Amino acid sequence: MRKLFISLLLAVSMVCMSQTTHMKFKGIPMEGTLNSFVQKLKDKGFTFLGQQDGTALLKGEFAATKGCTVGVTRFSDRDQVNLVAVIFPEEETWSSIASSYYSLKEMLTEKYGTPESTEEFSGFEPNNDSSKFYYLLHDNCNFISEFTCEGGKIQLTMKKKEYDTASIILRYIDRVNADETRKKVMDDL
């Protein structure tokens with residue numbers, strides 16, 4: 001009986017510990033205030049661009065790619081980091097953005113395991129690169145891979161940036177902080 005009680009206690013403590021593990025971005029746990037998290041990114045070499053409406057923007061190198069923009073967002077009702085998004089430099093052709101997407105997907109799969117993916121064009125699949133890029137620029141395709149990991153989720157996608165360019169976007173979403181917000185919303189209901 002005592003062994004059963006100790007085993008149960010260990011299992012419960014392991015579950016509790018796993019629920020308090022924050023997502024990490026560049027090795028930094030996604031916890032604390034927006035300003036403290038931004039300072040840690042600045043310490044890693046990112047350049048602070050500014051802050052508005054609970055989002056801070058920085059510029060720097062990420063995943064061996066120079067010129068990435070990093071957005072760090074906090075919850076609207078409290079100063080707690082909940083999401084980090086990396087916007088890679090703009091691409092002007094389907095072959096270049098698809099190559100970047102699949103290369104990042106392959107590396108993320110190696111690190112985090114097989115993602116849940118949706119990679120499709122609306123209607124029928126275009127038969128050449130310029131048509132595929134046109135579909136992307138007009139929101140007629142959906143390419144997203146979502147990786148579930150210990151502290152949250154990572155979403156890899158490609159989206160229209162400007163009128164004739166698109167970018168890869170990588171989002172890091174912290175599960176602990178998202179669960180806190182969900183609990184608060186559920187309490188309101």
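Criterion applied to Gly45, Gly27 was being within 16 Å of the chain's Cα centre (by Cα), on the phi > 0 side of the Ramachandran plot, free of Cβ contacts under 8 Å to residues at least 40 places away in the same chain and open to solvent by 20 Å² or more (accessible area, probe 1.4 Å), and the one residue passing it is Gly27. Among the residues in the stretch 49-56, are any at pLDDT below 90, part of a loop (DSSP other than H, G, I, E, B) and open to solvent by less than 40 Å² (accessible area, probe 1.4 Å)? Yes, because at least one residue in the stretch 49-56 is at pLDDT below 90, part of a loop (DSSP other than H, G, I, E, B) and open to solvent by less than 40 Å² (accessible area, probe 1.4 Å). Quick one: how many residues across the stretch 74-112 are β-branched (Val, Ile, Thr) and either free of Cβ contacts under 8 Å to residues at least 24 places away in the same chain or not in a strand (DSSP E or B) (or both)? Result for the stretch 74-112: 3. Among the residues that make up the stretch 114-124, is at least one of them part of a loop (DSSP other than H, G, I, E, B), crowded, with 19+ Cβ neighbours inside 10 Å, modelled with pLDDT of 95 or more and of a type outside the set (Gly, Ala, Ser)? So far as the stretch 114-124 goes, no, none of its residues is part of a loop (DSSP other than H, G, I, E, B), crowded, with 19+ Cβ neighbours inside 10 Å, modelled with pLDDT of 95 or more and of a type outside the set (Gly, Ala, Ser). In the condition set (1) in contact with a strand residue (DSSP E or B) (Cβ under 8 Å, 6 or more places away or on another chain); (2) open to solvent by 40 Å² or more (accessible area, probe 1.4 Å), Leu108 is compliant with all but (2). Would you confirm, using the coordinates I've provided, whether Ile144 is part of a strand (DSSP E or B), hydrophobic (A, V, I, L, M, F, W, C), closer than 24 Å to Thr21 by Cα and open to solvent by 20 Å² or more (accessible area, probe 1.4 Å)? Answer is no for this residue.
The values are calculated or read from the model by the stated rules, or taken from the named source; none is laboratory data. Here the structure is a predicted model, which is why all the values come from computation and not from measurement. Neighbour counts are summed over all protein chains in view; Cβ atoms, including those assigned to glycine, are modelled from backbone coordinates with ideal geometry. In case anyone asks, the SASA skips ligands and DNA or RNA and just uses the protein heavy atoms, side chains included. Shrake-Rupley method; radii C 1.70, N 1.55, O 1.52, S 1.80 Å.
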